[in-house]
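The values are calculated or read from the model by the stated rules, or taken from the named source; none is laboratory data. Since the model is a prediction, treat every value here as computed from it, not as a measurement. As a convention, Cβ positions derive from the backbone with ideal geometry for all residues, glycine included, and neighbour counts pool all protein chains shown.
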Amino acid sequence: MKILKIDDKKGYFIKKNSKYEVIEKITKEDIYALIECVIDKDESEFDDSSVNEIVNPAQRIIYESIYSKLLEIKSQRKTILSNKDKVYSAALEKYSEK
């Protein structure tokens, strides 16, 4: 699923309702949803901002910033999931002993 896209020289992100919104309207809740999507779904995709030009400078800055962070999270996905499993396993063991 493409969660960040560039179309008609504008940057877009996908909302929880599966509709695209202009990147400059993104909220912190939207960012959390995008991060969750990258971690939970291996098939998340994004358009590369260096290949497709965004004309609006504000959109370009926001898009490139979010794109780079999501790309970093995607590259560390297995480590993040492994650490998450370890934390939950430890908590489950600790609290199920009582």
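Couple of notes before you dig in:
- When residues in segment 1-40 are screened for being farther than 18 Å from I54 by Cβ and assigned to a strand (DSSP E or B), 0 of them pass.
- Restricted to segment 32-53, and to residues there that are of a type in the set (G, A, S) and in contact with a strand residue (DSSP E or B) (Cβ under 9 Å, 6 or more places away or on another chain), the residue that is nearest to S18 (Cα to Cα) is A33.
- Complete set of residues in segment 58-67 that are without any contact (Cβ under 8 Å) to a residue 24 or more places away in the chain and farther than 18 Å from A33 by Cβ: I61, E64
- Among the candidates Y67, Y63, the residue that is of a type in the set (F, W, Y) and in contact with a helix residue (DSSP H, G or I) (Cβ under 7 Å, 6 or more places away or on another chain) is uniquely Y63.
- Unique match (being loosely packed, with under 10 Cβ neighbours inside 10 Å and modelled with pLDDT of 90 or more) among K98, K94, K19, K74: K19
- Filter result for S82 (closer than 15 Å to I31 by Cβ, in a helix (DSSP H, G or I) and not aliphatic (A, V, I, L, M)): no
- Among residues of segment 1-17 that are of a type in the set (F, W, Y), those with a beta-carbon under 7 Å from a residue that is assigned to a loop (DSSP other than H, G, I, E, B) at least six positions away or on a different chain give the pairs F13/I26.
- Taken residue by residue, segment 47-57 has no member that is touching a residue at least 12 places away in the same chain (Cβ under 8 Å), part of a helix (DSSP H, G or I) and either buried (at least 16 other Cβ atoms within 10 Å of the Cβ) or not aromatic (F, W, Y) (or both).
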